[in-house]
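Each remark here refers to the structure printed beneath this line.
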Amino acid sequence: MTKRDGIASDHLLTQAAATPQDELVAGLSGTPEPIPPQALLAQVLDRANLRRALKQVRQNKGAPGLDGMTVEALPDYLRHHWPEIREQLEVGCYCPQPVKRVEIEKADGKKRPLDIPTVLDRFIQQAIAQVVSAQWEPHFNTHSYGFRPKRSAHQAVRAVQAHIQAGFNWVVDMDLQAFFDRVNHDRLMARLKSRCPDADLLRLINRFLKAGVSIEGQVEPTPLGVPQGGPLSPVLANVVLDELDWELDRRGHRFARYADDCNILVKSKRAGERVMASVTRFVSDSLRLTVNPLWWGKTHRRCGKSAVDRPMNRKFLGFTVSRNGARLKVADKALDKLKDRVRELTRRTRGTTFAVVVAELRETRLGWKAYFGITEVLSPLRDIDKWVRRKLRCYLWKQWGRAGYRELRKRGVSVREAWNTSKSAHGPWRVSQTPALSIALPLRFFEQMGLPSLAPR
């Protein structure tokens, strides 16, 4: 985005209407026309709310939707078209465009659908989400942590850990089958109405739910589900599952929920199986959703995403706990995913310089550390640190090629050690852990390159 675009969009949202040209963005930059204060749609179209929504959409960036419009183009589009869009919203004839479905590969090799609304629809959804969230936030259960202000995944993980340390050392790990694809619209709208009794706003939300999805150019209807990828989806998911939260609370269970991930902590396996059966019935009968069943594979191992098990055998939001003391530990799948990313970045065939590889690794590891930095079991992270440094030594050794002997000597390796290493019949991976490479490329070398360690030393 150019500086000019940024200035224009700020003017769009802050400057009062003074001329007929400025009135092109009335409702965004001017004083809104008087609408009864009880009408929630008026709050959606309020200048301050719209300004917040535009700022959030620009911060989130994201890919274009079906119409190809980019986030950078949105302010200028609103400057020229907002009056007609606002009028459509007020009279109830605004029609959202279908979402564009793309597939994202998951850590287990499977693919997850992601539905991308147009940038304009994202802007309007964000404005709606802010108002709906404000209406529902005071009434949400305290054990719900996902997509709520001043709440985080870390708090959910800590809550589960506290329950385990209090003696609730069996977990009912519930996974809702294709949750976002199977939300019942009628039940959702009925729940929304209880806190948002504005027919105009409810009608607009329902239009977003029914907008359809474009799959490989073919638009298909959406009689069920909440599209993943839009700003409104997380709020609506919390509205749906708030009913489950209060049911678990009424029954006196200890639990933590983050979006559609829910862990219920109990004191025995028998109690866990009883809770799993009763909650599964509630989810099916009342919420009209399905809990992924537990089933047994050919090797008599438990399969499926839902289970009653010891917490150290399950993962929650990328974490698990240790067997002794229930200390937080990074789950194996999260570590495997990080290692896959490192392998991708250190592929020799990328044709990238070593400095660029280290810079990319730095960015990846800083982001990873920001989330997993609360872990208390550090030995797996130290192993990852050693493994990453070995991968980088291997990468450099391949780059040096025939110049390996000279590079080792330049870095202080003895003649004998450098000669034996450079003439070794072993491959680069085996050579990468030799004393010569450790002397030539010590820990200090990677620190000077700006590569952060995952585990404090």
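The values are calculated or read from the model by the stated rules, or taken from the named source; none is laboratory data. Computed from a predicted structure; not experimentally measured. Every residue, glycine among them, receives a Cβ derived from its backbone with ideal geometry; neighbour counts consider all protein chains shown. Only protein heavy atoms, including side chains, enter the accessible area calculation; ligands, DNA and RNA are left aside. Shrake-Rupley method; radii C 1.70, N 1.55, O 1.52, S 1.80 Å.
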note = In region 419-430, anything among the hydrophobic types (A, V, I, L, M, F, W, C), assigned to a helix (DSSP H, G or I) and out of contact with any helix residue (DSSP H, G or I) (no Cβ under 6 Å at 6 or more places or on another chain) is listed as Trp419
task = Working carefully through the options Arg187, Arg148, Arg191, find the one that is of a type outside the set (A, V, I, L, M, F, W, C), under 28 Å from Gly212 (Cα atoms), assigned to a loop (DSSP other than H, G, I, E, B) and out of contact with any strand residue (DSSP E or B) (no Cβ under 7 Å at 6 or more places or on another chain).
result = Arg148
Qualifying residue in region 108-122 (condition: part of a helix (DSSP H, G or I) and either basic (Lys, Arg) or out of contact with any Phe, Trp or Tyr (no Cβ under 9 Å at 6 or more places or on another chain) (or both)) = yes
key: One residue from Val131, Val119 being touching a Pro at 6+ places or on another chain (Cβ under 8 Å), at pLDDT 95 or above, hydrophobic (A, V, I, L, M, F, W, C) and farther than 17 Å from Asp260 by Cα   = Val119
inquiry  = Tally up the residues in region 116-152 that are free of Cβ contacts under 8 Å to residues at least 60 places away in the same chain and within 17 Å of the chain's Cα centre (by Cα), please.
reply    = 4
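Is it the case that Gly351 is open to solvent by 20 Å² or more (accessible area, probe 1.4 Å), closer than 21 Å to Leu451 by Cα and either touching a helix residue (DSSP H, G or I) at 6+ places or on another chain (Cβ under 8 Å) or not aliphatic (A, V, I, L, M) (or both)?
Details: open to solvent by 20 Å² or more (accessible area, probe 1.4 Å): yes; closer than 21 Å to Leu451 by Cα: yes; either touching a helix residue (DSSP H, G or I) at 6+ places or on another chain (Cβ under 8 Å) or not aliphatic (A, V, I, L, M) (or both): yes.
For Gly351, the condition - open to solvent by 20 Å² or more (accessible area, probe 1.4 Å), closer than 21 Å to Leu451 by Cα and either touching a helix residue (DSSP H, G or I) at 6+ places or on another chain (Cβ under 8 Å) or not aliphatic (A, V, I, L, M) (or both) - is met.
Scan region 407-418 residue by residue and report those that are part of a helix (DSSP H, G or I), of a type outside the set (D, E, K, R) and either buried (at least 18 other Cβ atoms within 10 Å of the Cβ) or in contact with a strand residue (DSSP E or B) (Cβ under 8 Å, 6 or more places away or on another chain) (or both). Let's see the steps before the verdict.
Looking only at region 407-418, we keep the residues that are part of a helix (DSSP H, G or I), and these are 407-410, 415-418.
Narrowing further to those that are of a type outside the set (D, E, K, R): 408, 415, 418.
Result: Leu408, Ala418.
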task = Return the residue satisfying two criteria in turn: it lies in region 419-447 and is within 29 Å of Arg362 (Cβ to Cβ) and of a type in the set (Gly, Ala, Ser), and of such residues it is surrounded by the fewest Cβ atoms within 10 Å (Cβ to Cβ).
result = Gly427
Failed condition for Gln126, given (1) out of contact with any Pro (no Cβ under 7 Å at 6 or more places or on another chain); (2) in a helix (DSSP H, G or I); (3) closer than 25 Å to Asp245 by Cα; (4) not acidic (Asp, Glu) = (1)
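Select from region 405-436 the residues that are closer than 21 Å to Thr346 by Cβ and in contact with a Ser or Thr (Cβ under 7 Å, 6 or more places away or on another chain) and list them in ascending order. So that I can check it myself, show each step before the final result.
As a first pass, look at region 405-436 and keep what is closer than 21 Å to Thr346 by Cβ: 407-408, 411, 421, 424, 426-434, 436.
Of everything in region 405-436, those that are closer than 21 Å to Thr346 by Cβ and in contact with a Ser or Thr (Cβ under 7 Å, 6 or more places away or on another chain) turn out to be Leu408, Thr421, Val431, Thr434, Ala436.
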query = Can you tell me which residue in region 394-431 is farthest from the chain's Cα centre (by Cα), limited to those that are more than 19 Å from Thr353 (Cβ to Cβ) and of a type in the set (Phe, Trp, Tyr)?
reply = Trp419
request  = State whether the residues of region 163-174 include one that is farther than 23 Å from Arg270 by Cβ and part of a helix (DSSP H, G or I).
outcome  = no
remark   = Of the conditions (1) out of contact with any strand residue (DSSP E or B) (no Cβ under 8 Å at 6 or more places or on another chain); (2) within 19 Å of Leu454 (Cβ to Cβ); (3) open to solvent by 80 Å² or more (accessible area, probe 1.4 Å); (4) basic (Lys, Arg), the single one that Lys339 does not satisfy is (3)
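To keep it simple, each residue is scored yes or no on (1) at pLDDT below 95; (2) under 30 Å from Val330 (Cα atoms).
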position: Gly351; (1), (2): yes, no
position: Ala355; (1), (2): yes, yes
position: Thr375; (1), (2): no, yes
position: Ile384; (1), (2): no, yes
position: Arg389; (1), (2): no, yes
position: Lys398; (1), (2): yes, no
position: Trp419; (1), (2): no, no
position: His426; (1), (2): yes, no
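Would you check which residues across region 221-235 are part of a loop (DSSP other than H, G, I, E, B) and farther than 12 Å from Lys100 by Cα and list them? It would help to see each step written out before you state the result.
Let us first name the residues in region 221-235 that are part of a loop (DSSP other than H, G, I, E, B), namely 221-223, 225-231.
Scanning region 221-235 gives Pro221, Thr222, Pro223, Gly225, Val226, Pro231.
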Matching option when the condition is open to solvent by less than 40 Å² (accessible area, probe 1.4 Å) and in a loop (DSSP other than H, G, I, E, B), among Gly404, Gly450 = Gly450
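Could you pull out the residue among Arg86, Arg51 that is open to solvent by less than 60 Å² (accessible area, probe 1.4 Å) and either among the basic types (Lys, Arg) or in contact with a strand residue (DSSP E or B) (Cβ under 8 Å, 6 or more places away or on another chain) (or both)? Working first, answer last.
Details: Arg51 fails: open to solvent by less than 60 Å² (accessible area, probe 1.4 Å).
Within the list Arg86, Arg51, the selection yields Arg86.
So, in region 89-115, how many residues would count as being β-branched (Val, Ile, Thr), open to solvent by 60 Å² or more (accessible area, probe 1.4 Å), at pLDDT 85 or above and under 29 Å from the mean Cα position of the chain (by Cα)? Step through it out loud before you land on a result.
Initial filter on region 89-115 (β-branched (Val, Ile, Thr)): 91, 99, 102, 104.
Applying the additional criterion that residues be open to solvent by 60 Å² or more (accessible area, probe 1.4 Å) yields 91, 104.
Going one step further and asking which of them are at pLDDT 85 or above, we end up with 91.
When the remaining residues are screened for being under 29 Å from the mean Cα position of the chain (by Cα), the result is none.
Residues that pass the stated criteria total 0.
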task = May I ask you to list the residues in region 145-179 that are open to solvent by 30 Å² or more (accessible area, probe 1.4 Å) and of a type in the set (A, V, I, L, M, F, W, C)?
result = Phe147, Ala162, Ala166, Phe168, Trp170, Ala178
